[in-house]
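The values are calculated or read from the model by the stated rules, or taken from the named source; none is laboratory data. Here the structure is a predicted model, which means the values were calculated and not measured. So basically every Cβ, Gly included, is an ideal-geometry build from the backbone, and we count neighbours across all protein chains shown. All accessible areas refer to the heavy atoms of the entire protein, side chains included, with ligands and DNA or RNA removed. Shrake-Rupley method; radii C 1.70, N 1.55, O 1.52, S 1.80 Å.
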Amino acid sequence: MGGGRKRGRTQRRHFKQGRENVWKHNPQRPPAGEGGEGREGNPSWQPFATENPAFEEYYKEQQIIPEEEWDDFMSMLRKPLPATFRINASCQFFQDICSQLENDFRKSLETEVSDEHEQDAIRPLPWYPGNLAWHLNFSRMQLRRNQALESFHEFLKRENEVGNITRQEAVSMVPPLFLNVQPDHHILDMCAAPGSKTFQLLEMIHQSTKPGLLPNALVVANDVDVQRCNLLIHQTKRMCTANLIVTNHEAQNFPGCNLAKFCSETCMDEAKLQRVEFDRVLCDVPCSGDGTVRKAPDMWRKWNAGMGNGLHRLQVEIAMRGMGLLKVGGRMVYSTCSMNPVENEAVVAEILRRCGDSVELLDVSKELPELARRPGLSTWKVRDRGSWFGVHEDVPRYRKSVISPSMFPSGKGSKDVEVNTDVDADMKDSTDMGEGEQERNIAVADSNNGDSPKTEEKTEVDCESGEAPTRYKKLNSTSTRTEHSDYPLHRCMRIVPHDQNSGAFFIAVLHKHSSLNENQVVDGVKSEQNISKDNTGTLEKDLGSDKVSSEENIVPQHVVDDTNVLDVEQNGDMDSKSSKDKSSEDAKVIINEAEKGQAGTRDRRRQQNQGRWRGVDPVIFFKDDVTVKSIVSFYGIKDSFPLEGHLVTRNPDTSHVKRIYYVSKSVQDVLELNIKIGERLKITSLGLKIFERQSSKDGSPCTFRLSSEGLPLLLPYITKQILYASAIDFQHLLQYRTVKFPDFVDAKFGEEASALLPGCCVVVLREGHQDIGSIVTDPSAIAIVCWKGKTNLCVMVSPLDGKELLERISLRFGLKIPELVKEKPNQEVTGSDEQPDCATEADDQPESKASDMEIPDAEAE
């Protein structure tokens, strides 16, 4: 991927800006009912503007809201967005959390209701299944500033960090629900970062899984930007799943993995996976993001009509690629957080036009009946350079390379006779111009003029009048003609803010009835190729700060060739492009290291890059039988737990492997296929960390300890190095983190702990279970990883996870949590010659899910 470090810094800056709730930058907020919470502040600061005349004019003309509702619509857009979150139904404590919300917080926060339209301080969203999603009658800023909400805010932060809840905008939760995910589905999230929807998909496939078992499903989460992939990895690591693969590709160029294109039929094993296809595809594309103005009011200032026009082609390309990767009989959801029909209904209509009878736009009006939604539009206009156009024929010739036929309801160009003939017209318009002129004409709107695009031409549009130069005035008059789409676009869904006090969103559900007509798909793409090549630099420059997709995605996506069904040609072009773009940066790194005399680091980097993708450690199946047998013997892992072919690492040198990951059968199949076809998938993260190398001064027989992330999966199969503690001893371990054997309340437990082999062990909470032998197979079993030293047990979970467990068992069993003191039971720390006997990462550097983010899933030194 081109762009190098400069673009990476720009993307990180834009992302940081997008993540901030800019309401907090307004020190003179209006009262709560008028767009803010109000605050006394520096008088030199001005209130944040929540107006944009061009925005209002545009959407009034598009008639997205009936005229009589316009004031209510705009009033709601100017109010801060209420906070919402979702409970992870696959987490161990989700019933406890539901009970705590219903019985404790819901009652204690009743006096804090501040909105005349809301009766409850917190309430479940009525349309989300199982009361798992909750709406708060507070904005994020109120949660941070209101002292009465402090304990509730701390609760939300802690539960979100450990993965028990996910704080996410309500409308952003909708698209995955319409996928109708099943436990055996292969799912592709094409533009996944920052990962809230991916996490939601993982919740769905794990929700009914029994302890020690994995679903047959697979989730592939993709994003174009490496930095955003890091964020995606960090978000999904809270789930602790072996069924996820994170990839780094342009969505419109996502590689097709078809073994038949790379080897003869004689060498193909029919029992193995032959090609990667998906039962479900989530196509939540980059968009202008004007549906997020309530949580990101800076959008009022940034918005202009050209933003949607500039993204339309990319959105079509991504959606068509998703449809090509979808299995026959599968379902794809196309969604945006934009209200612009050019980004919404126009894209869906173009998909239906290209795919013909192979794809159907589904009527899902009976699904989620309590979700308020409006039907999609069947007619709309296109705004360009101060003029409105209802049909493509009225677009001036010098703008037809930018304003394409697919932006209009009919999808037909001025020379169309049949559906596909617009391809040649578009190609002619784009090829008649020189390269420089194409780059200038593809530029998107200039924010100084609302909807006038930037241009470097001397004969540019007048910035105030919005008119073209004299020689173009006759061509650039506003069109009075309109047209209606013949497709059933009323089946699309528009979620508007004033219906259920939310943000705005667009969703369309598509079903694939048969394989796509290859000629039709390729012909449709050819019309975009010349323009797409020249769009790349200008779109990055002009849309970098404005382009937003759902969940605050601020991602400069690149418009490049997408041959869709021609997987081999597509992947070859993409691979060579990615390698070429990355090679210059890698070369600089290696040269700098050589100049500094870091020969060892250079050699290691060279070894790491032996995989296909530069800068990404290859995925290696771990086949060190000696190490595996040592682990199995030490922990007494049952033969029924499959290890062969399920263990992977990111370091080709097995003698220096630090972490071993476990992958599900579905991920294993994709990995094996990916190796056979030359590693066409660029995998940045996968698998569940299950074992980690641990040095020890005590000389443990096993050099690998258990990982907290992998313990729930492995627990039912462990027969050695396992202890069962009473609630009070379990509480002491979590509270003091290191406890000497004689200091346990249950003397027998202390003796059993002392008798274990030195090294890693598991401590299971015995309380509430009658039969000790069945505890480990009970979904409610609570267990932690510890380290057995010469004289003590040391907890090997992060302080945050430890605190969460401590509070959970205290609530469940009625235990009191005393203030953490400097003394441990019957022992003074000061002057003690006993330090925790665990290895380097047990206490000072506890196992942390967040710590892996710097170099995600790679063998970081």
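Return the pairs, sorted by first residue and then second, in which the second residue is open to solvent by 10 Å² or more (accessible area, probe 1.4 Å), the first residue lies in the range 495-508 and is among the acidic types (Asp, Glu), the beta carbons are less than 7 Å apart, and the residues are 6+ apart or on different chains.
Here the result reads ASP499/ALA372, each pair linking the range 495-508 to a residue that is open to solvent by 10 Å² or more (accessible area, probe 1.4 Å).
Among the residues of the range 135-158, is any of a type in the set (Asp, Glu), open to solvent by less than 10 Å² (accessible area, probe 1.4 Å), part of a helix (DSSP H, G or I) and at pLDDT below 95?
No, the range 135-158 contains no residue that is of a type in the set (Asp, Glu), open to solvent by less than 10 Å² (accessible area, probe 1.4 Å), part of a helix (DSSP H, G or I) and at pLDDT below 95.
Anything in the range 113-132 that is polar (S, T, N, Q) and modelled with pLDDT of 90 or more? List them, or say none.
ASN131
Between ASP669, ASP698, which is within 22 Å of ASN258 (Cβ to Cβ) and open to solvent by 20 Å² or more (accessible area, probe 1.4 Å)?
That would be ASP669, the only listed residue that is within 22 Å of ASN258 (Cβ to Cβ) and open to solvent by 20 Å² or more (accessible area, probe 1.4 Å).
Looking at this structure, is THR198 open to solvent by 10 Å² or more (accessible area, probe 1.4 Å) and not aromatic (Phe, Trp, Tyr)?
No.
Tell me, which helices (runs of 4 or more DSSP H) lie completely within the range 51-130 with 3 or more residues that are among the acidic types (Asp, Glu)?
53-62
Can you name the residue in the range 170-191 that is at pLDDT 95 or above and open to solvent by 30 Å² or more (accessible area, probe 1.4 Å) and is also farthest from GLU367 (Cα to Cα) among such residues?
HIS186
Select from the range 355-392 the residues that are hydrophobic (A, V, I, L, M, F, W, C), within 20 Å of SER338 (Cβ to Cβ) and not in a loop (DSSP other than H, G, I, E, B) and list them in ascending order.
LEU361, VAL382, TRP388, PHE389
Can you tell me which residue in the range 711-750 is most open to solvent (accessible area, probe 1.4 Å), limited to those that are of a type in the set (Asp, Glu) and touching an Asp or Glu at 6+ places or on another chain (Cβ under 6 Å)?
Step by step, filter the range 711-750, then rank; the result is ASP746.
From the list SER338, SER401, SER410, SER406, pick out the single residue that is closer than 21 Å to GLY306 by Cα and part of a helix (DSSP H, G or I).
None of the others qualify; the one that does is SER406.
Just one of (1) farther than 29 Å from ARG280 by Cα; (2) at pLDDT 75 or above; (3) surrounded by fewer than 16 Cβ atoms within 10 Å (Cβ to Cβ) trips up THR480, so point out which.
Status for THR480: all satisfied but (2).
When the residues of the range 204-247 are filtered to those that are charged (D, E, K, R) and modelled with pLDDT under 95, which remaining residue is surrounded by the fewest Cβ atoms within 10 Å (Cβ to Cβ)?
Filtering first and then ranking leaves LYS210.
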